[in-house]
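Step one of this worksheet: look at the structure below.
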Amino acid sequence: MSSHSIVCPFCPLACDDVTVNTAATDVGCELADAELAVALGAPPARLESDLLRAIDLPTLAGKLQLSPRPLVEANGLAIEECKQLHRLVQTYGLRLCRSATPTELALAQSVSRDGMIAATLAEICHRADLILTFGDLQRPWPRLGERVSAGSASRIDLGTASLSLLAELQTARLQTGTGAKQRISPPTEIASIMDRLRRSRYTGIVVGADAFDPGTEVIAAELLNRWIQQINERLPAEANSDDGDSQPKSRAALLWVSAEQNLQSVFRWRSNQDAASTWTATPTADIRIGSPRLASGHPVGRVQLQIGGIDPGVDHAHAYLPASQPGVHHRGTTIRGDGTVSLPLLKWSDSDLPPRLERLESVLRLTQPPHQPHSVG
């Protein structure tokens, strides 16, 4: 197989510096290499532990125990697939569930309520002179740490943030502004961080996996988001520095790479409705599209059917159907997980397998009566 320069379709970073040669990428991303191997050599269909040489879809569908209005977990869909899924939600009353960690859910809740001062990946790389990171930047997107460190910015890794750490950062910021009387001396490491932050012209704050202590995610996400807002609210008072430079310093912005960017965008375009309006808190879906997020450090539920992606085995899927992959076997479009740029997904290999959403619709036709659109959500 010849070499191809591609936009990687396998995670929301949508890395556009990837070259595919034979069955591996040139960037050393374990996620991309694992997904690529499956896309180019799809595992066989199966029902339980029985491999299916010929797919008898009506028989297989009859052996699935799907709920009325099946619950669907959609992982890594392209824009075109999200449009198809939106139509199927309206036609069959599908419910959607999120394959998200507690950190991601907490950030989504905080952002939906309070908004956010957002950074893009490009801004982190080209504008930031200081980067603060929380959590593990290797999971679930292996190249996130590499990408945010591509520029010349200094980086401080703060690990998993406790509520006490976030409270200390917030308090230190409030007490050490220009002209403020410092009543309590913060710990030395906090004072050092705040000093570097105040000297920074643009600070990128990046959240990875397991960014907050277990059980505190909702409160921690709110504290982090409000701290960033407070830093920016204090800019006018801190614009004048000792060196006579009147340009504002210490602008801080949050980089949060969301795996749901495509799905959320399409639902807003199509119905002025948030995809979350169809999400349920039920942890286990009936149908999964794409690979389970095995690397994200949270339990993987057992679905009745997985369509496409890496076959997770009998423990995580009653049945598996291979499917063709956008960005490999057919063209598509994706929005980078920071929500700033749309990128083309190229077709550079052939497959006789139907696309993932075509597989899903075929199963739904055999198992579900049409649902009235007005009752969705």
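So which of 139, 127, 143, 183 ends up being modelled with pLDDT under 90, buried (at least 16 other Cβ atoms within 10 Å of the Cβ) and not assigned by the TED database to the domain that holds residue 293?
Matching residue, one of 139, 127, 143, 183: 139.
Can you tell me which residue among 68, 43 is more than 30 Å from residue 159 (Cα to Cα), touching a Gly at 6+ places or on another chain (Cβ under 9 Å) and either touching a residue at least 40 places away in the same chain (Cβ under 8 Å) or assigned by the TED database to the domain that holds residue 348 (or both)?
Selected residue: 68, the only one of 68, 43 that is more than 30 Å from residue 159 (Cα to Cα), touching a Gly at 6+ places or on another chain (Cβ under 9 Å) and either touching a residue at least 40 places away in the same chain (Cβ under 8 Å) or assigned by the TED database to the domain that holds residue 348 (or both).
For the range 349-367, enumerate the residues that are farther than 17 Å from residue 289 by Cα, open to solvent by 30 Å² or more (accessible area, probe 1.4 Å) and assigned to a loop (DSSP other than H, G, I, E, B).
Matches in the range 349-367: 350, 351, 352.
List the strands (runs of 3 or more DSSP E) inside the range 1-84, counting only whole elements, that have at least 2 residues being among the hydrophobic types (A, V, I, L, M, F, W, C) and open to solvent by 30 Å² or more (accessible area, probe 1.4 Å).
50-52
Counting just the residues of the range 85-105 that are more than 19 Å from residue 306 (Cα to Cα) and under 13 Å from the mean Cα position of the chain (by Cα), which one comes out surrounded by the fewest Cβ atoms within 10 Å (Cβ to Cβ)?
Filtering first and then ranking leaves 105.
Scan the range 333-354 and report the pairs whose first residue is under 18 Å from residue 19 (Cα atoms) and whose second residue is open to solvent by 30 Å² or more (accessible area, probe 1.4 Å) and assigned to a loop (DSSP other than H, G, I, E, B), with Cβ atoms within less than 6 Å and a gap of 6+ or a chain change.
So the pair list comes out as 347/331.
From 216, 284, grab the single residue that is modelled with pLDDT under 90 and open to solvent by 10 Å² or more (accessible area, probe 1.4 Å).
Unique residue meeting the criteria: 284.
For the structure I just gave you, tell me whether residue 333 is open to solvent by 10 Å² or more (accessible area, probe 1.4 Å), in a loop (DSSP other than H, G, I, E, B), in the same structural domain as residue 68 (by the TED database) and not aromatic (Phe, Trp, Tyr).
So residue 333 fails the test.
Any chance you could count how many residues in the range 287-306 are open to solvent by 40 Å² or more (accessible area, probe 1.4 Å) and at pLDDT 85 or above?
1
The values are calculated or read from the model by the stated rules, or taken from the named source; none is laboratory data. Only a predicted model underlies this, so the values are computations on that prediction, with no experimental measurement involved. A quick note on method: Cβ atoms are made from the backbone with ideal geometry, for glycine too, and the neighbour counts reach across all protein chains shown. Accessible surface areas use protein heavy atoms only, side chains included; no ligands, DNA or RNA. Shrake-Rupley method; radii C 1.70, N 1.55, O 1.52, S 1.80 Å.
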